[in-house]
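Scroll down for the structure; my scribbles are underneath it.
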Amino acid sequence: TLRLPPDTVVSYRTPGGGGYGSPLERDPLAVLADVIDGKTSLQRAREVYGVVIDSENWVVDAEATMELRKEMGQR
């Protein structure tokens with residue numbers, strides 16, 4: 001419980017809750033940005049979003065991502 005004076009403005013942020021559509025359709029560059037920003041891990045980028053990131057150069061491996069997403073879509 002937190003008591004605040006009248007007219008106090010409070011901002012409260014919570015983690016995401018679900019999302020929209022298949023994670024395999026998320027823009028790989030957006031997933032890369034999420035990894036760089038610490039919103040998700042390299043492992044989750046690969047396992048959930050099917051995005052392969054070269055962590056040495058911080059770029060998306062487009063060919064490997066396409067192959068992985070194709071494989072994941074067939075499961």
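The values are calculated or read from the model by the stated rules, or taken from the named source; none is laboratory data. It should be emphasised that the depicted structure is a prediction, and the values quoted were computed from it without experimental measurement. Positions of Cβ are backbone-derived with ideal geometry, glycine not excepted, and every protein chain shown enters the neighbour counts. SASA here: full protein model, heavy atoms, side chains in, ligands and nucleic acids out. Shrake-Rupley method; radii C 1.70, N 1.55, O 1.52, S 1.80 Å.
General observations
- Positive-end ranking of 40, 30, 5 along the dipole of the chain, with charges on Cβ about the Cα centre, is headed by 5.
- In sequence order, calculated HN-Hα J values of segment 26-39 (Karplus, 6.51, -1.76, 1.60; Hz; x Gly/Pro): 5, 4, x, 5, 5, 5, 4, 4, 5, 5, 4, 7, x, 7
- Ranked by the mean number of other Cβ atoms within 10 Å of their residues, highest first, the peptides 55-61, 68-74 fall in the order 68-74, 55-61.
- Interchain or long-range residues, amide H under 5 Å from residue 52's placed H: 61, 65
- Full-extension gain in nm, residue 70 to residue 39, via 0.36 nm per residue minus C-alpha separation: 8.7 nm
- Å² per residue, accessible surface of the chain at 1.4 Å: 84
- Taking the helices alone, the chain has a mean residue ellipticity at 222 nm of -10000 deg cm²/dmol, built from -39,500 (n - 2.57) per DSSP H run of at least 4 residues and averaged over all its residues.
- Once the C-beta distance of residue 11 and residue 59 is scaled by a Förster radius of 35 Å, the resulting FRET efficiency is 0.55 to the nearest 0.05.
- Where 53, 36 fall by accessible area, highest first, once all protein chains stay in place (1.4 Å): 36, 53
- Of the solvent-accessible surface of the chain, computed with a 1.4 Å probe over protein heavy atoms with every protein chain present, carbon and sulfur atoms account for 49 percent.
- Dipole magnitude of the chain about its Cα centre (Cβ charges: Lys, Arg +1; Asp, Glu -1), debye to nearest 20: 440
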